[in-house]
Each structure stands twice: as C-alpha cells, then as structure tokens.
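The block underneath contains the structure these notes are about, expressed in structure tokens.
The values are calculated or read from the model by the stated rules, or taken from the named source; none is laboratory data. Just so it is clear, the structure is predicted and the values come from calculations on it, not from any experiment. All Cβ positions, glycine included, derive from the backbone under ideal geometry; neighbour counts span all protein chains shown. Remember, those area values only see protein heavy atoms, side chains included, never the ligands or the DNA or RNA. Shrake-Rupley method; radii C 1.70, N 1.55, O 1.52, S 1.80 Å.
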Amino acid sequence: TEHADAVSHAVKKQYTQNQSVDWARVSESVGLSERECLEANQFGDGKARWIYDPDTFSWDMANRMTKFIETNYSHPLPVNYTAVSNYMWIEPDDCVNMAGLLRGEMTWTKDVLAKVVELRGQGMMYKDIARQLSPNLTVIAFIIMQLYTLPTRLGCKLRM
C-alpha cells in the first residue's frame, strides 16, 4: 500500500543510518500514528531472533513485549504481530512463539517430546523440564499437558 511503502522507506533510511528506529520520527515524517507505522512497516533487515533458552531468558524483554501488547491491543483487539515485531525488532514468528510461551502455551511437537524424553532420561525432575520448555510452564501444567496429549502421542483416540 501507499502508506506501507512510505513507512518502510522511512524506517529503512533510519535503520541504515543508525541501526535503530525512532518510531516518533517515522510517525512525524509520514503523517501517521506510531502504531500505524509499526503496523505498516515491511522493512525488517537486521531483526534479531528470539528463541527461548532458559539460561539466557530475560524477563526485561518479555515484560517490554507484554507491556506493548497490553497497551496497544487490549481485548477484544487482535494483536498485530507485525507491529510487535517492529517494536521489538525481533523476527515476527519469534514474537508470536514467545508471546505464546509467556501465556503458558506450547505445541507438543515430536521435537518437544524427544527433548522431554531425553531430559527425563538424564534424571531431570518435571519442574526443571518445564522450565527448559517455557518460562511460564509450571510442573502441574506440564503434567496435565502430558496426560492430555498422551492418547495422541500414543496414536489412539481419547473416548469420553
């Protein structure tokens, strides 16, 4: 769109010069609100990855993202993860994934299950395994998710 091109050009120009983006300046230069700019920008060179690692996890970054979402996308507004990604300067998929982890959500993939089996085989306790998977996954939630997904993981259907 016309706005997306103008915003993306302004962001690219700033980022190329400073390796950072001042969204207030972008907003002023294109005549849109900061949020509209964050939602419209399509330039993303240099965005970092944000993959959960229990040894390097920072609540500062997590709280910054959570505050941005709560401030700009209160219920019932759907979260615009393009805006979140631009605000955090983090890859969009990583923002979506981390937001889910912060809400205690996770997808039980074969890789996750293999990691659980590996860690359990090393004698790790469930509470420690939960922390390896997510910053907000409690041991109770972990065990409940294991029980809930057990039939699927075993290849059978749950009868109620």
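Among the listed residues S85, S27, identify the single one that is among the polar types (S, T, N, Q), touching a Pro at 6+ places or on another chain (Cβ under 7 Å) and surrounded by 12 or more Cβ atoms within 10 Å (Cβ to Cβ). Reasoning before the result, please.
On the way: S27 fails: touching a Pro at 6+ places or on another chain (Cβ under 7 Å).
That would be S85, the only listed residue that is among the polar types (S, T, N, Q), touching a Pro at 6+ places or on another chain (Cβ under 7 Å) and surrounded by 12 or more Cβ atoms within 10 Å (Cβ to Cβ).
Hey, could you check segment 138-153 for residues that are under 18 Å from K110 (Cα atoms) and either open to solvent by 80 Å² or more (accessible area, probe 1.4 Å) or in contact with a helix residue (DSSP H, G or I) (Cβ under 7 Å, 6 or more places away or on another chain) (or both) and say which is modelled with the lowest pLDDT? Spell out how you get there, then give the answer.
Applying the first criterion (under 18 Å from K110 (Cα atoms)) to segment 138-153 yields 142-153.
Subsequent filtering for residues that are either open to solvent by 80 Å² or more (accessible area, probe 1.4 Å) or in contact with a helix residue (DSSP H, G or I) (Cβ under 7 Å, 6 or more places away or on another chain) (or both) retains 142-144, 147-148, 152-153.
Values: F142: 63, I143: 67, I144: 62, L147: 65, Y148: 59, T152: 59, R153: 56.
Ranking the qualifying residues of segment 138-153, first place goes to R153.
Considering every residue within segment 49-70, establish whether at least one is open to solvent by 50 Å² or more (accessible area, probe 1.4 Å), aliphatic (A, V, I, L, M), out of contact with any strand residue (DSSP E or B) (no Cβ under 8 Å at 6 or more places or on another chain) and farther than 30 Å from Y126 by Cα.
No, segment 49-70 contains no residue that is open to solvent by 50 Å² or more (accessible area, probe 1.4 Å), aliphatic (A, V, I, L, M), out of contact with any strand residue (DSSP E or B) (no Cβ under 8 Å at 6 or more places or on another chain) and farther than 30 Å from Y126 by Cα.
List the number of the failed condition for S33; all other conditions in (1) surrounded by fewer than 18 Cβ atoms within 10 Å (Cβ to Cβ); (2) at pLDDT below 95 hold.
Single failed check for S33: (2).
Restricting to segment 88-131, and then to whatever is part of a loop (DSSP other than H, G, I, E, B) and hydroxyl-bearing (S, T, Y), can you tell me which residue is least open to solvent (accessible area, probe 1.4 Å)?
Going through segment 88-131, the residues part of a loop (DSSP other than H, G, I, E, B) turn out to be 89, 91, 103-109, 122-125.
Then keep just the ones that are hydroxyl-bearing (S, T, Y); that gives 107, 109.
On the way: T107: 103, T109: 59 Å².
Result: T109.
I want to confirm something. Restricting to segment 9-24 and keeping residues that are in contact (Cβ under 8 Å) with a residue 40 or more places away in the chain and part of a helix (DSSP H, G or I), which single residue is least open to solvent (accessible area, probe 1.4 Å)?
V11
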